[in-house]
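Below is one structure; the comments refer to it alone.
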Amino acid sequence: MPSPTPRPRHWLMKSEPDECSIDDALAAPGATVPWTGVRNYQARNFMRDAMRVGDGVLFYHSGCAQPGVAGIAEVASQACPDATQFDPASPYFDPASTQDSPRWLNVDVRALRKTRLLTLAEMRSHPELAQMQVLRKGNRLSIMPVTDEEWRFIVDGLLGD
DNA sequence: GCCAACGTTGGC
DNA sequence: GCCAACGTTGGC
């Protein structure tokens, strides 16, 4: 029998630093923030079906002048209904979602440390990272798995500085 | 179920 | 601000 693909244990999660930077996350109570506002089914399903507490997270700054990995974090909760979908004042309000059957979920993410910025350009320069999903043209997913090898390469590199 | 239109993402 | 890529919507 073919062995099933193991569950990813590491993730890359994008955040716009204007909204929540690694500094903001580290300054939050318990250095933990609810990862609300995900409105993409594939990203939601990663949180719902594959993430486990303790999984490693590359905290990635997107939609800014200097995109790249800005810190290391970990998954700190299971996926629960995202409260912002029920808040008409929120930009993430989803009038089609109901309390009985919430459409959107979020995990909590605990920031562990800020690192030097590993820029997209630098990531592209490393053959070891060439297969990373975040480097693919047209990539728009805000949450994606990172392989054990990619995780080790990046974390060792960042923490070795 | 197809597919065009539309909106959003995100790097540059 | 531009534009490529892609997800979603809605008419048919």
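The values are calculated or read from the model by the stated rules, or taken from the named source; none is laboratory data. Since this is a predicted model, take the numbers as computed values, not measurements. Here the Cβ positions follow ideal geometry from the backbone for every residue, glycine too, while neighbour counts run over all protein chains shown.
Structure above, values below:
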| item | result |
| --- | --- |
| Some residue of region A:146-155 being under 18 Å from A:Gln42 (Cα atoms) and either within 12 Å of DNA strand B (Cβ to nearest atom) or in contact with a strand residue (DSSP E or B) (Cβ under 6 Å, 6 or more places away or on another chain) (or both) | yes |
| Scan of region A:4-62 for residues that are of a type in the set (Lys, Arg) and away from DNA strand C (no atom under 16 Å from the Cβ), ordered by number | A:Arg7, A:Arg9, A:Arg52 |
| Residues satisfying the stated conditions in region A:33-76, i.e. part of a helix (DSSP H, G or I) and within 12 Å of DNA strand B (Cβ to nearest atom) | A:Gln42, A:Ala43 |
| Number of the condition not met by A:Arg116 [criteria: (1) more than 16 Å from DNA strand C (Cβ to nearest atom); (2) more than 19 Å from A:Glu19 (Cα to Cα); (3) part of a loop (DSSP other than H, G, I, E, B)] | (3) |
| Residue check for A:Arg113: over 21 Å from A:Ala50 (Cα atoms) and under 15 Å from the mean Cα position of the chain (by Cα) | yes |
| Unmet requirement for A:Thr98, which otherwise passes all of (1) more than 16 Å from DNA strand C (Cβ to nearest atom); (2) surrounded by fewer than 12 Cβ atoms within 10 Å (Cβ to Cβ) | (1) |
| When residues of region A:125-161 are limited to those that are of a type in the set (D, E, K, R) and either away from DNA strand C (no atom under 16 Å from the Cβ) or modelled with pLDDT of 95 or more (or both), the one surrounded by the fewest Cβ atoms within 10 Å (Cβ to Cβ) | A:Asp161 |
| Within region A:1-32, considering residues that are charged (D, E, K, R) and outside any loop (DSSP other than H, G, I, E, B), the one farthest from A:Phe93 (Cα to Cα) | A:Asp23 |
| Residue in region A:38-55 that is farthest from A:Arg9 (Cα to Cα), counting only those that are among the aliphatic types (A, V, I, L, M) and surrounded by 13 or more Cβ atoms within 10 Å (Cβ to Cβ) | A:Val38 |
